[in-house]
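Notes follow once the structure below has been shown.
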Amino acid sequence: MERPFLIYILIATGILIAAIIRAQLKKRSRLTGFFRFTGGLEITFIALLLFALVFFGCLQIVLRNFYHRGIIWADPLMRHIVLWLGCLGAAFATTKMRHINIDVFTRLLPPKLLRIRNKIIFLATAIAASILGFAALKLVLDEKSFGEQAFLGVDIWLLQVVLPVAFFLIAYRSLLNMMVPPDVSTVDWDDFSDLENGGWDGSVDIGGHGAGDSQDDDDGNNGDGEEEAKD
């Protein structure tokens, strides 16, 4: 058995075991504070990357327009910041499956088939992300053998490590979502199932305000208007 293939098997096994352990902890509500803290650190790091990207971009514009000069290493730095933002942002979006998707069958499938469909999607996502992670890992190892540098003596492969890390995170979180469905704060199409029969009471909460509240407000405003007209 070749050594790289053994490494891939160990990584895939580790991802699966980590997802199973995390799913059991989530079901039993264990270490909730710890995982909330690590999630906050992830969001903070992504926000700092975004701030650095905007800062160096604005600084380059000012230096080039007013002083006719710029920071040599700022452009390659910003390119790699964009890479890190895209990878980490995609990995973070997997926690609640907030990726852009074309969802045609959500309203058509019954709840049981919808749950099966979601599990199939999570499993397919995990498999695809794992394959891409292994390819990205091979890319990083090849880049390490070349020994090229990006800027300020930093090797390129160190900046590309985020590629396999992000793909493996997506695979891990997709498996976790398959075992324990994520808490997605979006409108459930089941709440609109009575629309066709004209029986929807407007009780769905969208953006913190239910449609029923809006209807009450409208009724109140109409009532006030009628009273003013009578006066």
Any residue at all in the range 143-162 that is within 17 Å of the chain's Cα centre (by Cα) and either assigned by TED's automatic domain parsing to the domain that holds residue 76 or assigned to a helix (DSSP H, G or I) (or both)?
yes
Can you go through 145, 203, 214 and tell me which one is more than 15 Å from residue 94 (Cα to Cα), modelled with pLDDT of 50 or more, of a type in the set (S, T, N, Q) and exposed (fewer than 14 other Cβ atoms within 10 Å of the Cβ)?
145
If we ask which residues in the range 119-142 are farther than 21 Å from residue 95 by Cα, of a type in the set (D, E, K, R) and touching a residue at least 24 places away in the same chain (Cβ under 8 Å), their number turns out to be 1
With respect to residue 102, determine if the residue is assigned to a loop (DSSP other than H, G, I, E, B) and either at pLDDT below 90 or assigned by TED's automatic domain parsing to the domain that holds residue 20 (or both).
yes
Complete set of residues in the range 1-60 that are within 22 Å of residue 162 (Cα to Cα) and of a type in the set (Val, Ile, Thr):
7, 9, 11, 13, 15, 17, 38, 43, 44, 46, 54
Kindly check whether there is at least one residue in the range 63-70 that is part of a helix (DSSP H, G or I) and surrounded by 14 or more Cβ atoms within 10 Å (Cβ to Cβ).
yes
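The values are calculated or read from the model by the stated rules, or taken from the named source; none is laboratory data. These numbers come from a predicted model, not from an experiment. Using ideal geometry, Cβ is built from the backbone for each residue, glycine included, and neighbour counts are taken over all protein chains shown.
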